There are 2 protein chains.
Amino acid sequence: MTTMTAPAGADVAALVREMAQRARAATAQLVRMTPGAKNIALERMAKALETAAPRIQAENQRDLAAGREKGLSAAMLDRLELNVMRIAAMVQGINEVRALPDPVGEIFDVQTRPNGLRVGRMRSPLGVVGFIYESRPNVTADAACLCLKSGNAVILRGGSEAIHSNLAMVDAIRGALREAGAPEDAVQLIPTTDRAAVSALLALEGLVDVVIPRGGRSLIERVVAEARMPVIKHYDGNCHIYVDEGADLDMAQRIAVNAKTQRTGVCNAVESLVVHSAVAGAFLEATLDVLIDKGVEIRGDETVCALEPRAVPAKAGDWTAEYLDKIISVKVVDSFDQAVAWINTHGSHHTDAIVTRDHGRAMRFLSEIDSACVFVNASTRFSDGGEFGLGCEIGISTEKLHARGPMGLRELTSVKWVVFGTGQTRG
Amino acid sequence: MTTMTAPAGADVAALVREMAQRARAATAQLVRMTPGAKNIALERMAKALETAAPRIQAENQRDLAAGREKGLSAAMLDRLELNVMRIAAMVQGINEVRALPDPVGEIFDVQTRPNGLRVGRMRSPLGVVGFIYESRPNVTADAACLCLKSGNAVILRGGSEAIHSNLAMVDAIRGALREAGAPEDAVQLIPTTDRAAVSALLALEGLVDVVIPRGGRSLIERVVAEARMPVIKHYDGNCHIYVDEGADLDMAQRIAVNAKTQRTGVCNAVESLVVHSAVAGAFLEATLDVLIDKGVEIRGDETVCALEPRAVPAKAGDWTAEYLDKIISVKVVDSFDQAVAWINTHGSHHTDAIVTRDHGRAMRFLSEIDSACVFVNASTRFSDGGEFGLGCEIGISTEKLHARGPMGLRELTSVKWVVFGTGQTRG
């Protein structure tokens, strides 16, 4: 993790392949580490980031200066910044993960078959994880600690605008691993911003077990198209809140306003309200005022526009949009069934909530909405690894297979079958 | 499911897309069916196959006649045949699946967060499953019943040589679904043998949630290359048995002989023995004789060839080969660690077994062997959905993600997050 000289072409491919081979070699050691040994490494990792904070901040300043020169937006620069509070949060995240149960080696669902075989499942590491992200550099520490605790080696490919921050952090993390007697190649960062490195990584079927892309749609689509190994995608959050007939309208308003305005640029912010016609008048009259007062633009269907003159008529694209901004679409429906069909058709299968007093419809919503996270009477903003008790998250999967929703330790493991016999043969 | 006239080109693509749309529509009904309603449909399905047995056998005779004309091997013709015993076994498989707990809607791991939110997981259907198989036609019934019980709609694409058998079975199954008031489009068979239908299916990202190919390597590789949606692969079984230092050599012999000779053309037959040098002399002297007597060809390393003159020197390709035949490779190692490294490098991560008396090494083998199924003191031939208690299986996955090893009901479900709130908003 020393050089920033970007090797070119074949050299990049050779570099990435060599990193993957070192990662693969590290997995053989990782699978043998006890939970205690991994926790010691995590403790050192947290301490090392604390100690290296001044250097990390200095390197982060280089990234910020380059970002300003490149004309990054204020929002982008804010995401890029690693101030003391954010470094402290990374350290705390590592300590929270350390306190969680170790998922590796857990044996469960053991059943004794008629022939006496005991057949069960065991959680084991995935192996080598490729993590490609454009997000804030604090994700680097989250990914490193989650992968280590779940027994995986990780190859990190961060955003080019955060390269100096990431190199400084990974340098500290690898130092901590060495000190703890853990394989330092469990955490590696691709040290070049050359885009060819991503293609090289995606070609390493058999060496890299899974690739997790986290970032914009174009990045993810490129990864899906090129990858030869399984990919866990992290697509958009076009989250819905459905306000049911007979709902507590004060609660519905609090939840809707929180989910839209507490933070707008995040995937678990609500982008669309679906309101039952029986409560549309009362609910929208009160709630749209509050949203508009907070600077939110309303894009509504005909009913909504008739109720609220400041609303803009929604166009077709509005119903599937992830605004990440102070905009919300609002649709009135005539039945619960219509709401479910609407959300399943127009949502992005990320996080959807119902506000209701009716138990039957609450339970039907959980079953019938085809999304990673389905909520009853709570803000969609809780769709988050930390809020779900995972310590931190490597991302929020929009896959249906393997990992769905916030991905923590368990989602970074595989489940094998284990069989305990006493000499059984098949007749 | 009436026509066998193969539409061409664009028509095939339109046909497959229309089938997928009907499957998607069926999922909305499936997710609302109670376990009881699904079990009634399964009961009718079993009965319908029983009743239709004469017609199924007649259609199977057409396939067999065409197969003989095409010059299929005796083994292929045997796999293709649907005799009374095999139809009875299909019926029994459906009844076994019916008796299993319904996986859909299971809520588990619910934890109450400090803010009072109850956060848990719920098992839900995957949605639309595309199943592409070359195997024996009885797989058709297994796939249909597993998918129905797990709440999925399935689009079946069977081998061209079994098309008449499959059409007859699916016709009976769909009739049973109609009678039971279940959506008949939950089970559809692509009614043409046109290869373009597979490409059409693999292009339907968003309509088809997952594709499961089960067959030869070239089929699977084609599916992986073309598919836009997740694929659960079913690759080779190059299964190993490691005979440890101090193992019960009689048990080791019984297990090795059973795993090699009880049935050879199957993915869970053993293809390679790895023997600790401390027991190599005694074990191989007794066991190789028995294997050779049973017509098994031994391909050994230098030590083995020195011990047994009838052994053939193994070539490099032997160590990774899935013979599916009366051939076995035999390797002598000097340590447990060497055995683990050898199996992880040369095996196919399907099923591997250790024969040992040592508890520590037994548990290390389970942890450190990176395979879908790891056994202690049992024949690899038990690696099978039925033997594991799954009723039947849609296949044996060699993936590490989502489903690993025999795939039954649970592996055909997704897990979503469910959150029960009382009006919580994020601060």
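The values are calculated or read from the model by the stated rules, or taken from the named source; none is laboratory data. Small disclaimer: the values here were computed from a predicted structure and weren't measured. Cβ atoms come from the backbone with ideal geometry, glycine included; neighbour counts cover every protein chain shown.
Structural remarks
- Lone qualifier among B:32, B:68 - being without any contact (Cβ under 8 Å) to a residue 12 or more places away in the chain, out of contact with any Cys (no Cβ under 7 Å at 6 or more places or on another chain), of a type in the set (Lys, Arg) and not in a helix (DSSP H, G or I): B:32
- Cross-chain or 6+ apart pairs with Cβ under 8 Å, the range B:407-427 first and more than 7 Å from chain A (Cβ to nearest Cβ) and hydroxyl-bearing (Ser, Thr, Tyr), then buried (at least 22 other Cβ atoms within 10 Å of the Cβ) and in a strand (DSSP E or B): B:413/B:124; B:413/B:125
- Yes/no for residue A:347 being under 30 Å from the mean Cα position of the chain (by Cα), farther than 30 Å from residue A:360 by Cβ and small (Gly, Ala, Ser): no
- Every residue from the range A:184-212 that is touching a helix residue (DSSP H, G or I) at 6+ places or on another chain (Cβ under 8 Å), buried (at least 22 other Cβ atoms within 10 Å of the Cβ) and either within 14 Å of chain B (Cβ to nearest Cβ) or assigned to a loop (DSSP other than H, G, I, E, B) (or both): A:190, A:202, A:204, A:208, A:211
- The number of residues in the range A:157-201 being over 21 Å from residue A:88 (Cα atoms), among the hydroxyl-bearing types (Ser, Thr, Tyr) and within 21 Å of the chain's Cα centre (by Cα) comes to 1.
- Candidate set from the range A:387-399 (those that are touching a residue at least 24 places away in the same chain (Cβ under 8 Å) and within 27 Å of residue B:232 (Cβ to Cβ)); member that is nearest to the other protein chains (Cβ to nearest Cβ): A:399
- The criterion of being more than 7 Å from chain B (Cβ to nearest Cβ) and modelled with pLDDT of 95 or more does not hold for residue A:384.
Yes/no matrix, rows are residues, columns are (1) facing chain A (nearest Cβ under 10 Å); (2) within 25 Å of residue B:407 (Cα to Cα); (3) in contact with a Phe, Trp or Tyr (Cβ under 8 Å, 6 or more places away or on another chain):
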| residue | (1), (2), (3) |
| --- | --- |
| B:220 | no, yes, yes |
| B:233 | yes, yes, no |
| B:237 | no, yes, no |
| B:244 | no, no, yes |
| B:255 | yes, yes, no |
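- The C-beta contact set for the range B:350-369 (first residue without any contact (Cβ under 8 Å) to a residue 40 or more places away in the chain, second residue part of a helix (DSSP H, G or I) and among the β-branched types (Val, Ile, Thr), distance under 9 angstrom, 6+ apart or interchain) comprises B:364/B:340; B:368/B:340; B:369/B:340; B:369/B:343.
- Number of the exception - residue B:189 against (1) in contact with a Ser or Thr (Cβ under 7 Å, 6 or more places away or on another chain); (2) at pLDDT 90 or above: (1)
- Hey, residue B:419 under 29 Å from residue B:254 (Cα atoms) and β-branched (Val, Ile, Thr) or not: no
- Single residue of the range A:95-150 satisfying the filter (among the aliphatic types (A, V, I, L, M) and in a helix (DSSP H, G or I)) that is nearest to the other protein chains (Cβ to nearest Cβ): A:99
- Assessment of the range B:256-277 against the conditions (over 30 Å from the mean Cα position of the chain (by Cα) and over 22 Å from residue B:370 (Cβ atoms)) yields at least one matching residue.
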